[in-house]
């Protein structure tokens, strides 16, 4: 088992360009989920929370790369 479980998250394996693309895709999906929620068509509201957390996780990884000097 790895010493730091967080380092095994799939987001750590993405390149900077892939991470930006993934962030954009997740933001668009979040928008769609919010629209479905407002129209009453969202079956599982927990998906919004999970997606927001994934976006935050990805942004945190990107920021850590910038601070280390290995990112953009």
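The values are calculated or read from the model by the stated rules, or taken from the named source; none is laboratory data. These numbers were taken from a predicted model, which means no experiment stands behind them. We place every Cβ from the backbone using ideal geometry, glycine too, and count neighbours over all the protein chains shown.
Output the number of residues of segment 19-72 satisfying the condition of being in contact (Cβ under 8 Å) with a residue 24 or more places away in the chain, over 11 Å from the mean Cα position of the chain (by Cα) and part of a helix (DSSP H, G or I).
1
Any idea which of 42, 30, 50 is in contact with a helix residue (DSSP H, G or I) (Cβ under 6 Å, 6 or more places away or on another chain) and at pLDDT 95 or above?
30
When only residues in segment 1-14 that are part of a loop (DSSP other than H, G, I, E, B) and surrounded by fewer than 10 Cβ atoms within 10 Å (Cβ to Cβ) count, which is modelled with the highest pLDDT? Spell out the reasoning first.
Start the filter on segment 1-14 by keeping residues that are part of a loop (DSSP other than H, G, I, E, B), which leaves 1-4, 9, 14.
Imposing the further condition that a residue be surrounded by fewer than 10 Cβ atoms within 10 Å (Cβ to Cβ) reduces the set to 1-4.
Working: 1: 42, 2: 54, 3: 55, 4: 60.
So the residue we want is 4.
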